[in-house]
Amino acid sequence: MADHPMHAEPIIVQASLLRQLLAHRPHPVIAVGTTSLRTLESLYWLGAALVRQPSAAAELRVAQWQPYAPLAPGEADVAPEAALQALLHHLNATGSAAIEASTQLLIAPGYRFRLAQGLITNFHQPESTLLLLVSALLGPEWRRVYSHALNHGYRFLSYGDSSLLLP
């Protein structure tokens, strides 16, 4: 995993969705699909970067290992609400209607979810970054879920069966 270069994906998120996410807090947010989950979590990291360093707006991107970097001495964790507010403030300041950024976020075991509390997705292939994401969400329980799917003939991959995964 450490040697895997995660591909970059573009993110375009309307201000209206940011406002909906803020209004929905603290209720659970369930992502539909791994790309949606990575986008939600990337929004947190983009907003957290703006809270910590407003000049970070020049390059809105999430690097692969950014969420795993230790906090600097004296630096506090950013609340999800503050991250979303920072994104809305950035949009207001720039007169933009949407956040346009890129993400290389690799979600793997040890990742702490900030905006998403669940996921609807299909069953993913072994040794994939998507299976790492599932294992990060479910912890060791992912093995039981996948074992059940294999033992009961569930279909895997893009046109396979889907599941609601809640930690």
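The values are calculated or read from the model by the stated rules, or taken from the named source; none is laboratory data. Keep in mind that what you see is a predicted model, and the values were worked out from it rather than measured. Note that each Cβ is placed from the backbone with ideal geometry, even for glycine, and that neighbours are counted across all protein chains shown.
I'd like to know if segment 34-45 contains one or more residues that are surrounded by 14 or more Cβ atoms within 10 Å (Cβ to Cβ) and among the aromatic types (Phe, Trp, Tyr).
yes
Taking Ala23, is it more than 22 Å from Ala98 (Cα to Cα), over 14 Å from the mean Cα position of the chain (by Cα), among the aliphatic types (A, V, I, L, M) and exposed (fewer than 10 other Cβ atoms within 10 Å of the Cβ)?
It is false that Ala23 is more than 22 Å from Ala98 (Cα to Cα), over 14 Å from the mean Cα position of the chain (by Cα), among the aliphatic types (A, V, I, L, M) and exposed (fewer than 10 other Cβ atoms within 10 Å of the Cβ).
Within the bounds of segment 19-26, is there any residue that is charged (D, E, K, R), closer than 27 Å to Val134 by Cβ and not in a helix (DSSP H, G or I)?
yes
Counting only residues that are small (Gly, Ala, Ser) and modelled with pLDDT of 95 or more, which one in segment 1-20 is surrounded by the fewest Cβ atoms within 10 Å (Cβ to Cβ)?
Ser16
Could you list, in sequence order, all residues of segment 1-20 that are farther than 14 Å from Ala98 by Cα and not small (Gly, Ala, Ser)?
Those that are farther than 14 Å from Ala98 by Cα and not small (Gly, Ala, Ser): Met1, Asp3, His4, Pro5, Met6, His7, Glu9.
Name the residues in segment 109-124 that are in contact with a helix residue (DSSP H, G or I) (Cβ under 8 Å, 6 or more places away or on another chain) and either of a type in the set (Phe, Trp, Tyr) or closer than 18 Å to Val32 by Cα (or both), would you?
Tyr111, Phe113, Arg114, Leu115, Ala116, Gly118, Leu119, Thr121, Phe123, His124
Run Leu164 past the list (1) over 20 Å from Tyr44 (Cα atoms); (2) under 17 Å from the mean Cα position of the chain (by Cα); (3) surrounded by 14 or more Cβ atoms within 10 Å (Cβ to Cβ); (4) of a type in the set (A, V, I, L, M, F, W, C) and report the number of the one that doesn't hold.
It fails just one condition, (3).
Filtering segment 46-56 down to residues that are within 15 Å of Leu84 (Cβ to Cβ) and not charged (D, E, K, R), which residue is surrounded by the fewest Cβ atoms within 10 Å (Cβ to Cβ)?
The extreme case among them is Val51.
Against the condition surrounded by fewer than 21 Cβ atoms within 10 Å (Cβ to Cβ) and in contact with a Phe, Trp or Tyr (Cβ under 7 Å, 6 or more places away or on another chain), how does Gln85 come out, does it pass?
Judged against the criteria, Gln85 is not a match.
Considering only segment 90-97, I want to know if a residue exists there that is within 24 Å of His7 (Cα to Cα), at pLDDT 95 or above and not β-branched (Val, Ile, Thr).
no
Take the residues in segment 109-156 that are charged (D, E, K, R) and in a helix (DSSP H, G or I); name whichever of them is surrounded by the most Cβ atoms within 10 Å (Cβ to Cβ).
Looking at residues that are charged (D, E, K, R) and in a helix (DSSP H, G or I), I get Glu141.
Show the residue pairs that are 6+ apart or on different chains and have beta-carbon atoms under 8 Å apart, the first residue being within segment 144-167 and closer than 15 Å to Val32 by Cα, the second being of a type in the set (Lys, Arg).
From segment 144-167, the pairs are Asp161/Arg155.
Could you list, in sequence order, all residues of segment 31-82 that are within 11 Å of the chain's Cα centre (by Cα) and not in a helix (DSSP H, G or I)?
Scanning segment 31-82 gives Ala31, Gly33, Val62.
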